[in-house]
Amino acid sequence: MPDPLSALAPAKINLILEVTGVRPDGYHEIDTVLQTLELADEVRIAWSEGAAGVRVSGPFATGTPADESNLAWRAAALLAGRLGRTIEGLSIHLEKHIPPAGGLGGGASDAATVLCLLGTHWGAAGAETEAVADAVGSDEAFFLAGGGTARARGRGERISRLPALPRQPVVLFVPPATIDRKTARMFAALDRLPFDDGEVSAAFAAREVSPVSGTDVHNAFERVAFDLFPGLAPLWEALESRSGESVHLAGAGPTLFWIGQDVDAERVVGAASGLGCTVIPTWTAGRR
Ligand code: C5P
């Protein structure tokens, strides 16, 4: 039996997220600047004589499927199929520290980490793992490319690395509930509004490397998030008025985040007290 493999699968936030159009296949063109975080799931792959499968544990295990629909499992099965390998006896254990379906890319990161580990183990070419990443979802390419700070275009699969930003504190505010078919519904809600032109992402990509503040952050989904997530508007308003800082939507939500300076982080954490959300202080993280 091969030795077990393991790696961390980081969360992400979108510092900029623009939606620039809709494609004939129904997917949307995006132009986004992504940043990985220290908050990470732990991914372990092992082989045994027993049955293959996915096991999920950790503080955010609830809401992550432990069956064949799990993105990490789909990635492993698709890569094995492409390479003529078998997933017999292979088990994937995900220790979930990233809230699922929160806009933080946890599922995509788990899948990309599995592709990275199995791709190396099986000697896959980069093009093979990239093709599987694109087949599994839209955020996988960023994580497969190593994370850090990067701009993503197309459906999210065209990645350009950006210079690393200084390490900064980030505080995540996770509301208790998400909604069904969240990402699809968020994109569909934007179809009623004018599309972005990618200029905010272009300007961010061209800016001098310096710490990011809330006023630098831009997310097109913020125009529709209040309508779709019950209870998000009062949470957002309370966080901003109590902290005096600007708070933003993570990806397609509903997690909210603050990014700023170390001296302010404790006060921002305190501002969420009694508001009924889970507060996760973390940091931005560089490339894998
Ligand atoms: O890529 P992922 O499977 O997470 O996307 C979920 C849904 O979000 C898609 O089925 C699609 O409706 C929508 N989507 C989109 N444009 C993208 C990414 C996702 O319209 N670039």
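Readers should treat all values here as calculations from the given coordinates under stated rules, not as data from a laboratory. Please read all numbers here as calculations on a predicted model, not as lab measurements. Cβ atoms come from the backbone with ideal geometry, glycine included; neighbour counts cover every protein chain shown.
So, in Å, what gap is there between the alpha-carbon centers of the stretch 133-155 and the stretch 28-89?
What the calculation gives is 15 Å, centre to centre.
Return the FRET efficiency for the residue pair T120, A61: r is the Cβ-Cβ distance, R0 is 25 Å, and the value is rounded to the nearest 0.05.
That gives a FRET efficiency of 0.40.
Counting other C-beta atoms within 10 Å, and keeping those with at most 14, which DSSP coil GluC sites (Glu not before Pro) do you find in the stretch 36-141?
For GluC sites (Glu not before Pro) across the stretch 36-141 that sit outside H, G, I, E and B with at most 14 neighbouring Cβ atoms in 10 Å, the list reads E49, E68, E88.
Hey, what do the phi angles of the stretch 75-92 turn into as Karplus ³J(HN,Hα) couplings, whole Hz, using 6.51/-1.76/1.60 and θ = phi - 60°, x for Gly and Pro?
4, 4, 5, 5, 5, 4, x, 5, 9, x, 9, 10, 9, 4, x, 8, 10, 10
Which ³J(HN,Hα) values in Hz, rounded to whole numbers, follow from the phi angles of the stretch 42-56 under the Karplus curve 6.51 cos²θ - 1.76 cosθ + 1.60, where θ = phi - 60° and Gly and Pro get x?
Karplus values, whole Hz, x for Gly and Pro: 10, 10, 10, 10, 9, 10, 8, 6, x, 6, 7, x, 10, 10, 10.
Report the label-to-label distance for V263 and D227 in nanometres (one decimal), using points 7 Å from each Cα along the Cα→Cβ vector.
4.1
Which value in deg cm²/dmol, rounded to the nearest 500, describes the helix-derived mean residue ellipticity at 222 nm for the chain, given -39,500 (n - 2.57) per DSSP H run of n ≥ 4 and division by the residue count?
For the chain, the value works out to -9500 deg cm²/dmol.
Between R158 and W283, what FRET efficiency follows from the Cβ-Cβ distance if R0 is 22 Å, with the result rounded to 0.05?
My answer for the efficiency is 0.20.
Starting from the stretch 207-284, pick out the trypsin sites (Lys or Arg not before Pro) whose DSSP state is loop and whose Cβ has at most 15 other Cβ atoms within 10 Å.
Taking the stretch 207-284 and a limit of 15 other Cβ atoms within 10 Å, the loop trypsin sites (Lys or Arg not before Pro) found are R207.
When you count, for each residue, the other Cβ atoms within 10 Å and take the mean per peptide, how do 191-198, 209-216 rank with the highest first?
Ranking the peptides 191-198, 209-216 by packing returns 209-216, 191-198.
Evaluate the charge dipole of the chain about its Cα centre and quote only its size in Debye, nearest 20, assuming +1 on the Cβ of each Lys and Arg and -1 on the Cβ of each Asp and Glu.
In total the dipole reaches around 200 debye.
In a GNM of the chain with a 10 Å cut-off on Cα contacts, which of Q261, Q168, Q35 has the highest mean-square fluctuation?
Q261
Which whole-Hz ³J(HN,Hα) couplings does the stretch 255-267 yield from phi under the Karplus relation 6.51 cos²θ - 1.76 cosθ + 1.60, θ = phi - 60°, glycine and proline marked x?
Karplus-based 3J(HN,Hα) across the stretch 255-267 equals 4, 10, 9, 10, 10, x, 10, 3, 4, 9, 4, 5, 5 Hz.
Any idea which of A72, S48, V22 is furthest toward the positive side of the dipole for the stretch 13-106, if Lys and Arg beta-carbons carry +1 and Asp and Glu beta-carbons -1?
S48
What ranking, highest mean first, results for peptides 100-111, 15-26 when packing means the other Cβ atoms within 10 Å averaged over each residue?
Output ranking for 100-111, 15-26: 100-111, 15-26.
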